[in-house]
Amino acid sequence: MQRRRLGEACFLLGVMDETGSGVPKDPSQAIPLYRRSCDGGDGRGCTSLGIAYETGNGVPKQEAMAGILFHKACDNGIPRGCSLLGLAYHQGAGVAKDDSQAALLTRKGCAGGDPLGCNLLGVGYEFGYGVPKNMQQAVALYRQSCTAGFDGGCKNLSRVQR
């Protein structure tokens, strides 16, 4: 329990450093905190560290490392980690391209309440990436994503309903 609390505290401190909330903004200072958080069992730290490696924010860009960290986050029950790992599989970014795996992971993210996962799964259904084409299912997922506040879901919903 103490290790988990330390992981949560490190995650929150990392967010402060990354965003400049109450401290000078310095994404590179967030990296060791996110790493410690991830190592402490807080999947949010793994997700944030993965995003840093994916984008090169505070660390050199390393898509393979991002994939490893998103996998760890997903395994720790973080829906956004599952969604981001699914996107990596769809793009072949740091992992082998596999649309079936992408659909499985974005479905897991969506089921966990991540609107990005719902939007990505909707794209899969719209275009047949890893799942059979199903426009009704795509629209329902875009609507779910939009209702949850994800702008990309709203844009996709608007686009397909024209």
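The values are calculated or read from the model by the stated rules, or taken from the named source; none is laboratory data. Since the structure is predicted, the reported quantities are computational estimates derived from the model, not experimental observations. Don't worry about glycine lacking a Cβ; one is built from the backbone with ideal geometry, like all the others, and counts go over all protein chains shown.
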- Task: Could you identify the single residue in Ser48, Ser83, Ser37, Ser100 that is part of a helix (DSSP H, G or I) and surrounded by fewer than 16 Cβ atoms within 10 Å (Cβ to Cβ)?
- Result: Ser100
- Message: Where the second residue is modelled with pLDDT under 95 and loosely packed, with under 13 Cβ neighbours inside 10 Å and the first is assigned to a helix (DSSP H, G or I) and lies in the stretch 141-162, which pairs have Cβ atoms under 9 Å and are six or more apart or on separate chains?
- Response: Tyr142/Gln161
- Item | the stretch 111-134, residues that are crowded, with 22+ Cβ neighbours inside 10 Å and among the charged types (D, E, K, R) | Asp114
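Taking the condition in a loop (DSSP other than H, G, I, E, B), of a type in the set (A, V, I, L, M), under 20 Å from Cys82 (Cβ atoms) and touching a residue at least 12 places away in the same chain (Cβ under 8 Å), does Val123 pass?
It is false that Val123 is in a loop (DSSP other than H, G, I, E, B), of a type in the set (A, V, I, L, M), under 20 Å from Cys82 (Cβ atoms) and touching a residue at least 12 places away in the same chain (Cβ under 8 Å).
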- Task: Please tell me if Glu18 is buried (at least 16 other Cβ atoms within 10 Å of the Cβ), closer than 24 Å to Leu105 by Cα, among the charged types (D, E, K, R) and in contact with an Asp or Glu (Cβ under 9 Å, 6 or more places away or on another chain).
- Result: no
- Item | Residue that is nearest to Lys72 (Cα to Cα) [pool: residues in the stretch 18-35 that are charged (D, E, K, R) and over 19 Å from the mean Cα position of the chain (by Cα)] | Asp26
- What's the number of the condition Asp75 fails, among (1) within 20 Å of Pro115 (Cα to Cα); (2) more than 12 Å from the chain's Cα centre (by Cα); (3) surrounded by 15 or more Cβ atoms within 10 Å (Cβ to Cβ)? (3)
